[in-house]
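The values are calculated or read from the model by the stated rules, or taken from the named source; none is laboratory data. Please read these numbers as outputs of a predicted model, since none were measured by experiment. Here the Cβ is made from the backbone with ideal geometry for all residues, glycine too, and neighbour counts use every protein chain on show.
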């Protein structure tokens, strides 16, 4: 690491950008959103902890998986502020996000399996709808694609 990147009070935004692949403007945005909280040196420049590299990487991965900034911020509040997060800290977040991801995977698999047939949307546009959703009975379960959302045609 270049000596200019590491100062008394931490890592520069340029170094963090280099390590994460994020633009400095994105890092500042994540700071505004409360996802990282750098210190400021006497000149007012941001100084980051080494653990912010992992924190920002987690943000990038989580966003790529469809998590919102709000969901990510909530998860990161469980990380300690007085020390670098350890494997156990990250494992707790992983378990929470893992459950959400498992649910999303199940929903995507259901969609993939039913995409070529009726999904219980009530459109009645397919000739086979009378087989999957006779008289639009799926509608009695509520709005939306009922079969993709977990309802089964034999339950209706």
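Side notes on the structure shown:
- Boolean, residue 88 is at pLDDT 90 or above, farther than 21 Å from residue 38 by Cα and over 16 Å from the mean Cα position of the chain (by Cα): yes
- Search result, residues across the range 22-55 that are at positive phi and over 18 Å from the mean Cα position of the chain (by Cα): 44
- Of the set (1) assigned to a helix (DSSP H, G or I); (2) under 19 Å from residue 27 (Cβ atoms), all apply to residue 85 but (1).
- From the options 97, 67, 58, residue that is at pLDDT 80 or above, assigned to a loop (DSSP other than H, G, I, E, B), under 30 Å from residue 25 (Cβ atoms) and within 16 Å of the chain's Cα centre (by Cα): 67
- Exactly one residue out of 38, 80 is modelled with pLDDT under 95, over 30 Å from residue 147 (Cβ atoms), outside the structural domain of residue 148 (by TED's automatic domain parsing) and in contact with a strand residue (DSSP E or B) (Cβ under 6 Å, 6 or more places away or on another chain): that is 38.
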